[in-house]
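S.K.: Okay, handing you the structure first.
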Amino acid sequence: MKTRIASVAWKLRSARSDGQYFGHLYDLVSEAHDKGADILVLPELTSLEMLPLAPDLEEKDAPAFLVQFAQGIEEWLVRISASSGMTLVGGSHFRETTDGIVTACVTATPDGKLSATLKNRLTGYERDFWGLKPGQDLAKLPDPRFGALLCFDSGFPEAGTALALSGAEAILVPAFTGTVQGFNRVRDACHAMATENRVFVVHASLVGSIGYSPAQATFGSSAILTPGLAPFAPMPVIAETEMNEEGIAIAELDFDALAETRQGAQLGQLDEDTDWKVS
C-alpha cells in the first residue's frame, strides 16, 4: 500500500491582509494537489505571516493577537480538504482553551472532520515569554497509521516510540527553527526516530522572515525520511526541498516495504524488553 505525501517548506511573507495569507496557503495546497498528493503537511506557525497586520504589537503579545485567526484557519482547512480530496495537516497555529493559549496542529480530512494534536513540550521562550500552555497527551491522526509531534516534541525519543507502539507507521513533524543549530537538532531527531522505531518521518520547516522577532530569521528544509534499513535506499532522505527556499517535497510512502523492514532481523523488535540497568 502506498500513500503520496507532500511536505511544505513555507517561506514567510509580510501579509498586508489575512486574505494574502490564505492566498499563499491556497497556492501551496493547489501545487501539492496538482502533483497528486494524498496528504499535505504544513510547518509550524505559518500564521506568523500575519503579524505585520499589527505593526505596533509587542513580541510577547503575538499569540494573543494570532489566536483570533484560529477558527478561520480551521474552517478553511476543512473546506479545502473536502473540495480537494486531500488530507491537510495544518502545521500549527495558536488556539484558545479554558487553560490558556496552546499550539495546535489540526488535521482536516475530506469527509469534513477535524482533529487536533497539541504541542506537549514547550521551549522556555514559549512557556515563559509567550505564556503558552502545554498539551498533555500524544494523539494519532484520523488515519491511525499517522501520528504528529510538533517541533520540540520530536526531540524526546519516548514520544516517537509511544506513537510507534500505538500503531503509527509515519510520524509528521511540523517545525519552526530560527537557527542552523535548531534545525539540525530537529532533523537529527527525525532521522533517529525513523530508524529507532522503523517509521517514516515527514519534517516540514518554516523558512524566511517577517523582518523582526519572533520570526527575525528561520532556517531549514522540508524532507521525507525512511528508516536507515533495507529495502529502502541507502540514503534515508527520499525527497527534500532546497535549504531556506519555499518548496514542496513529495514522495510515496510504501507501507509494504515498511512492513518488510519491521519484520526483518536487522534490529530487535520494537517492543523488545531490555535488562539494562543504570548504576
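S.K.: Can you pull the one-decimal nm distance between simple spin-label points at residue 184 and residue 96, each 7 Å off the Cα toward Cβ?
M.R.: Between residue 184 and residue 96, the label points sit 4.2 nm apart.
S.K.: Could you work out the Rg to Rh ratio of region 115-216, with Rh taken as the Kirkwood radius (inverse of the mean 1/r over all Cα pairs)?
M.R.: 0.98
S.K.: Which FRET efficiency, nearest 0.05, do residue 75 and residue 263 yield, Cβ-Cβ r, R0 45 Å? Intermediate values should be presented prior to the final figure.
M.R.: On the way: r = 42 Å, r/R0 = 0.94.
Efficiency, from the Cβ-Cβ distance: 0.60.
S.K.: Return P(r) of region 184-267 (all Cα-Cα pairs; 10 Å bins starting at 0; whole %; ordered from short to long distances).
M.R.: 18, 43, 25, 11, 3, 0
S.K.: What nm distance separates the two modelled labels at residue 165 and residue 123, each placed 7 Å from Cα along Cα→Cβ?
M.R.: Calculated label separation equals 2.9 nm.
S.K.: If you don't mind, another one. Suppose we take every Cα in the chain and form the convex hull; what volume per residue is that in Å³?
M.R.: Spread over its residues, the Cα hull of the chain gives 134 Å³ apiece.
S.K.: Too long at a 32 Å Cα-Cα cut-off: which of 2/119; 11/113; 35/60?
M.R.: Table pairs above 32 Å Cα-Cα are 35/60.
S.K.: Still on this structure, please answer the following. Which longest uninterrupted range of the chain lacks any GluC sites (Glu not before Pro) assigned by DSSP to a loop state (not H, G, I, E or B) and surrounded by at most 12 other Cβ atoms within 10 Å?
M.R.: 59-241
S.K.: Sticking with this one: Residue 12's amide H: which non-local residues (gap 5+, or another chain) put their own amide H closer than 5 Å, with H modeled 1.01 Å from N in plane and none for Pro or chain starts?
M.R.: Here 207, 208, 209 satisfy the definition.
S.K.: Let me check against my output: what whole-number percent is the relative contact order of the chain, with C-alpha pairs under 8 Å and at least 6 apart?
M.R.: Details: 632 pairs, mean separation 56.9, N = 279.
After rounding, I find 20 percent.
S.K.: Would you check the accessible area of residue 26, probe 1.4 Å, heavy atoms only, in square angstrom rounded to 10?
M.R.: 120
S.K.: What number, in percent, do you get for the relative contact order of region 55-176 if the mean sequence gap of Cα pairs under 8 Å and at least 6 apart is divided by its residue count?
M.R.: 19 percent.
S.K.: On a 1.4 Å probe surface of the protein chains, which of 145, 185, 79 comes out largest in accessible area, and what is the full order? Kindly include the intermediate steps, with their values, before the conclusion.
M.R.: Values: 145 45, 185 160, 79 135 Å².
From most exposed to least exposed: 185, 79, 145.
S.K.: Place a label point 7 angstrom from the Cα of residue 143 along the Cα-to-Cβ direction, then list the residues of region 66-97 whose backbone nitrogen is under 20 Å away.
M.R.: Answer for this model: 77-92.
S.K.: Rank 254, 38, 137 by accessible area, highest first, at a 1.4 Å probe radius?
M.R.: The most accessible residue leads, giving 137, 38, 254.
S.K.: State the antiparallel share, in %, of DSSP beta bridges confined to the chain, rounding to the nearest 5.
M.R.: Just about 60 percent of them are antiparallel.
S.K.: At a Förster radius of 41 Å, what calculated FRET efficiency corresponds to the Cβ-Cβ distance of residue 60 and residue 26, to the nearest 0.05?
M.R.: 0.85
The values are calculated or read from the model by the stated rules, or taken from the named source; none is laboratory data. These numbers were taken from a predicted model, which means no experiment stands behind them. Because the Cβ atoms are built from the backbone with ideal geometry, glycine has one as well, and the counts that use them run over all protein chains shown. Just the protein is used for accessible areas: all its heavy atoms, side chains included, with ligands, DNA and RNA removed. Shrake-Rupley method; radii C 1.70, N 1.55, O 1.52, S 1.80 Å.
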